[in-house]
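Single-structure report; data block below.
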Amino acid sequence: MTETTNDGGTSDTQRRGRRIMMMTDERDVFLTAQRTCRVATVSGDGTPHVGALWFAWDGTSLWLYSLTRSKRWRQLRNDPRLSVVIDDGEAYGELRGIELSGRAVFVGEAPRTGRPCPELDAPERLFASKYFGMESMPHDGRHAWLRLIPDSVVSWDFRKMPNG
(Lines give C-alpha, C1' and ligand atoms only; values in the text may rest on other atoms or scores of the structure.)
Protein backbone atom coordinates (compact mmCIF):
# COMPACT_ATOMS: atom_id res chain seq x y z
CA MET A 1 0.00 0.00 0.00
CA THR A 2 2.99 2.31 0.34
CA GLU A 3 3.94 3.97 -2.91
CA THR A 4 6.46 6.70 -3.60
CA THR A 5 6.08 9.05 -6.56
CA ASN A 6 8.94 9.75 -8.95
CA ASP A 7 9.63 13.10 -7.29
CA GLY A 8 10.09 11.42 -3.89
CA GLY A 9 6.67 12.45 -2.58
CA THR A 10 3.99 10.14 -1.31
CA SER A 11 1.04 9.03 -3.39
CA ASP A 12 -2.66 9.20 -2.64
CA THR A 13 -2.53 5.44 -1.97
CA GLN A 14 -0.05 5.94 0.87
CA ARG A 15 -2.04 8.81 2.41
CA ARG A 16 -5.25 6.76 2.20
CA GLY A 17 -3.42 3.84 3.83
CA ARG A 18 -2.46 6.02 6.78
CA ARG A 19 -6.05 7.18 7.20
CA ILE A 20 -7.47 3.65 7.36
CA MET A 21 -4.74 1.92 9.38
CA MET A 22 -5.53 0.88 12.95
CA MET A 23 -3.79 2.63 15.82
CA THR A 24 -2.01 0.47 18.42
CA ASP A 25 -4.94 0.46 20.86
CA GLU A 26 -7.37 -0.40 18.04
CA ARG A 27 -5.12 -3.27 16.91
CA ASP A 28 -4.91 -4.63 20.46
CA VAL A 29 -8.69 -4.57 20.90
CA PHE A 30 -9.23 -6.16 17.48
CA LEU A 31 -6.64 -8.92 18.00
CA THR A 32 -7.97 -9.70 21.47
CA ALA A 33 -11.57 -10.00 20.22
CA GLN A 34 -11.05 -11.99 17.01
CA ARG A 35 -10.97 -15.77 17.22
CA THR A 36 -9.58 -17.16 13.97
CA CYS A 37 -6.53 -16.31 11.89
CA ARG A 38 -5.14 -17.64 8.64
CA VAL A 39 -1.50 -18.68 8.72
CA ALA A 40 0.56 -18.76 5.53
CA THR A 41 3.71 -20.88 5.33
CA VAL A 42 5.90 -21.98 2.45
CA SER A 43 7.22 -25.40 1.45
CA GLY A 44 10.77 -26.17 0.38
CA ASP A 45 9.80 -25.80 -3.28
CA GLY A 46 8.09 -22.45 -2.66
CA THR A 47 4.51 -23.74 -2.66
CA PRO A 48 2.37 -21.66 -0.27
CA HIS A 49 0.11 -23.25 2.32
CA VAL A 50 -2.64 -21.41 4.23
CA GLY A 51 -4.60 -22.79 7.15
CA ALA A 52 -6.87 -21.47 9.89
CA LEU A 53 -5.84 -21.46 13.56
CA TRP A 54 -6.95 -20.09 16.88
CA PHE A 55 -4.56 -17.63 18.50
CA ALA A 56 -3.89 -15.40 21.49
CA TRP A 57 -2.48 -11.86 21.39
CA ASP A 58 -0.48 -10.60 24.38
CA GLY A 59 0.16 -7.05 23.13
CA THR A 60 3.49 -7.84 21.45
CA SER A 61 3.29 -11.42 20.16
CA LEU A 62 0.80 -13.61 18.38
CA TRP A 63 0.65 -17.07 19.98
CA LEU A 64 -0.47 -19.90 17.70
CA TYR A 65 -1.51 -23.32 18.99
CA SER A 66 -0.78 -25.77 16.17
CA LEU A 67 -0.96 -29.50 15.65
CA THR A 68 2.60 -30.82 15.68
CA ARG A 69 1.83 -33.39 12.97
CA SER A 70 0.52 -30.78 10.55
CA LYS A 71 1.90 -29.62 7.23
CA ARG A 72 2.22 -26.14 8.79
CA TRP A 73 4.42 -27.44 11.62
CA ARG A 74 6.71 -29.34 9.22
CA GLN A 75 7.04 -26.35 6.92
CA LEU A 76 7.86 -23.97 9.78
CA ARG A 77 10.51 -26.37 11.09
CA ASN A 78 12.23 -26.10 7.68
CA ASP A 79 11.52 -22.41 7.06
CA PRO A 80 10.20 -20.36 10.02
CA ARG A 81 8.87 -17.48 7.88
CA LEU A 82 5.14 -16.95 8.13
CA SER A 83 2.45 -14.42 7.52
CA VAL A 84 -0.82 -14.28 9.45
CA VAL A 85 -4.04 -12.49 8.53
CA ILE A 86 -6.88 -11.74 10.94
CA ASP A 87 -9.83 -9.97 9.33
CA ASP A 88 -13.48 -9.15 9.80
CA GLY A 89 -16.40 -7.58 7.95
CA GLU A 90 -19.08 -8.46 5.43
CA ALA A 91 -19.74 -5.37 3.33
CA TYR A 92 -16.84 -3.52 1.67
CA GLY A 93 -17.12 -0.52 4.01
CA GLU A 94 -16.93 -2.83 7.06
CA LEU A 95 -13.71 -4.65 6.12
CA ARG A 96 -10.89 -4.45 8.62
CA GLY A 97 -7.92 -6.59 9.40
CA ILE A 98 -4.28 -7.04 10.24
CA GLU A 99 -1.42 -8.88 8.55
CA LEU A 100 1.53 -9.82 10.76
CA SER A 101 4.70 -11.24 9.24
CA GLY A 102 7.90 -12.58 10.72
CA ARG A 103 9.43 -15.82 11.94
CA ALA A 104 7.90 -18.53 14.09
CA VAL A 105 9.62 -19.41 17.34
CA PHE A 106 8.82 -22.81 18.85
CA VAL A 107 8.10 -22.48 22.59
CA GLY A 108 7.77 -25.27 25.14
CA GLU A 109 7.74 -29.00 24.54
CA ALA A 110 6.24 -30.41 21.35
CA PRO A 111 3.70 -31.77 21.68
CA ARG A 112 2.65 -29.77 24.74
CA THR A 113 1.81 -31.88 27.78
CA GLY A 114 1.77 -29.14 30.40
CA ARG A 115 5.29 -29.28 31.82
CA PRO A 116 6.14 -25.99 33.53
CA CYS A 117 7.19 -23.34 31.03
CA PRO A 118 7.01 -19.81 32.51
CA GLU A 119 7.07 -18.23 29.03
CA LEU A 120 3.74 -19.97 28.29
CA ASP A 121 1.93 -18.96 31.50
CA ALA A 122 0.35 -15.79 30.08
CA PRO A 123 -0.51 -17.04 26.57
CA GLU A 124 -2.02 -20.25 27.95
CA ARG A 125 -4.19 -18.28 30.39
CA LEU A 126 -5.35 -15.98 27.56
CA PHE A 127 -6.03 -18.92 25.22
CA ALA A 128 -7.83 -21.06 27.83
CA SER A 129 -10.11 -18.19 28.78
CA LYS A 130 -10.81 -17.11 25.20
CA TYR A 131 -11.59 -20.51 23.68
CA PHE A 132 -12.51 -22.82 26.55
CA GLY A 133 -13.86 -20.50 29.26
CA MET A 134 -11.32 -22.00 31.65
CA GLU A 135 -8.56 -20.59 33.85
CA SER A 136 -5.93 -23.11 32.82
CA MET A 137 -5.01 -24.70 29.54
CA PRO A 138 -6.17 -28.24 28.75
CA HIS A 139 -3.33 -30.12 27.04
CA ASP A 140 -4.10 -32.84 24.53
CA GLY A 141 -0.56 -33.99 23.71
CA ARG A 142 -1.10 -33.16 20.02
CA HIS A 143 -0.60 -29.38 19.88
CA ALA A 144 2.31 -27.07 20.68
CA TRP A 145 3.03 -23.34 20.72
CA LEU A 146 4.43 -21.05 18.06
CA ARG A 147 5.23 -17.44 18.87
CA LEU A 148 5.26 -14.73 16.23
CA ILE A 149 6.91 -11.45 17.20
CA PRO A 150 6.00 -9.54 14.05
CA ASP A 151 8.67 -7.86 11.92
CA SER A 152 5.89 -6.26 9.90
CA VAL A 153 2.35 -5.22 10.81
CA VAL A 154 -0.09 -3.87 8.23
CA SER A 155 -3.63 -2.97 9.21
CA TRP A 156 -6.73 -1.58 7.57
CA ASP A 157 -10.15 -0.46 8.71
CA PHE A 158 -12.39 0.54 5.82
CA ARG A 159 -14.94 1.89 8.31
CA LYS A 160 -12.60 4.92 8.55
CA MET A 161 -12.99 5.79 4.87
CA PRO A 162 -15.05 8.87 4.16
CA ASN A 163 -18.45 8.08 2.65
CA GLY A 164 -18.89 8.72 -1.03
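The values are calculated or read from the model by the stated rules, or taken from the named source; none is laboratory data. Since we're looking at a predicted model, the values are computed, not measured. Because the Cβ atoms are built from the backbone with ideal geometry, glycine has one as well, and the counts that use them run over all protein chains shown. The accessibility values were calculated without ligands, DNA or RNA, using every heavy atom of the protein model including side chains. Shrake-Rupley method; radii C 1.70, N 1.55, O 1.52, S 1.80 Å.
Extension gain, D121 to V50, is 22.8 nm, computed as 0.36 nm per intervening residue step minus the present C-alpha separation. Between D25 and N78, the contour length at 0.36 nm per residue exceeds the Cα-Cα span by 15.7 nm. Solvent-accessible area of the range 112-164 (1.4 angstrom probe, protein heavy atoms only): carbon and sulfur portion equals 51 percent.
Atom-type composition of the exposed protein surface of the range 21-72 places 58 percent of the accessible area on carbon and sulfur (1.4 angstrom probe). Could you tell me which of rounded, prolate or oblate describes the range 21-164, using a ≥ b ≥ c as the square roots of the eigenvalues of the alpha-carbon gyration tensor, with rounded for a/c under 1.5 and, failing that, prolate when a/b is larger than b/c and oblate otherwise? Because a/c hits 1.5 or more and a/b fails to exceed b/c, the range 21-164 counts as oblate. Provide the gained length on full extension for the span S70 to T32, in nm with one decimal, where the gain is 0.36 nm per separating residue minus the Cα-Cα distance. Stretched fully, the S70-T32 segment lengthens by 11.2 nm. Modelled this way, with points 7 Å down the Cα-to-C-beta line, the labels at E90 and M134 are 3.3 nm from one another. The residues of the range 25-164 expose on average 55 square angstrom of accessible surface per residue, using a 1.4 Å probe on protein heavy atoms.
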